[in-house]
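Enquirer: Structure below; questions to follow.
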Amino acid sequence: MAKISISLPEELLTYLDQKVENRSALIESLLQQWRQQQEDAALAAACSLVDELELGWESEWQTAAITDWEADGS
């Protein structure tokens, strides 16, 4: 795993140390959550664009595909 170094104000480090046992793990978790939010936002924007451009499934096709999927027991 690659290592990075960040600088934080002393009062923020003191606060983190009072609240968590492992501040590095907290920062890693927060960055992972932020990345997931960014990916979710990008996916939502792409889905919105597909809807606007009507590039997605027609509702009848979607209903038929769901019905077929359910009939197959998938």
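Enquirer: So is Gln32 at pLDDT 95 or above and open to solvent by less than 100 Å² (accessible area, probe 1.4 Å) or not?
Expert: yes
Enquirer: Taking Leu8 as the residue in question, decide whether it is open to solvent by less than 90 Å² (accessible area, probe 1.4 Å) and touching a helix residue (DSSP H, G or I) at 6+ places or on another chain (Cβ under 7 Å).
Expert: Against the criterion (open to solvent by less than 90 Å² (accessible area, probe 1.4 Å) and touching a helix residue (DSSP H, G or I) at 6+ places or on another chain (Cβ under 7 Å)), Leu8 does not qualify.
Enquirer: Another question about this same structure. Can you name every residue in segment 49-74 that is loosely packed, with under 10 Cβ neighbours inside 10 Å, among the small types (Gly, Ala, Ser) and assigned to a helix (DSSP H, G or I)?
Expert: Selection gives Ser59, Ala71.
Enquirer: Right, next: Is there any pair with a first residue in segment 11-31 that is part of a helix (DSSP H, G or I) and a second that is surrounded by fewer than 12 Cβ atoms within 10 Å (Cβ to Cβ) and of a type outside the set (Gly, Ala, Ser) whose Cβ atoms are under 7 Å apart and which are 6 or more apart or on different chains, and what are they?
Expert: Arg23/Asp17
Enquirer: If you don't mind, there's one more thing I want to ask. Could you list all residues from segment 36-48 that are among the hydrophobic types (A, V, I, L, M, F, W, C) and open to solvent by less than 90 Å² (accessible area, probe 1.4 Å)?
Expert: Scanning segment 36-48 gives Ala41, Ala42, Ala44, Ala45, Ala46, Cys47.
The values are calculated or read from the model by the stated rules, or taken from the named source; none is laboratory data. Not measured: the values here are computed from a predicted model. Because the Cβ atoms are built from the backbone with ideal geometry, glycine has one as well, and the counts that use them run over all protein chains shown. Heavy atoms of the whole protein, side chains included, go into the accessibility calculation; ligands, DNA and RNA do not. Shrake-Rupley method; radii C 1.70, N 1.55, O 1.52, S 1.80 Å.
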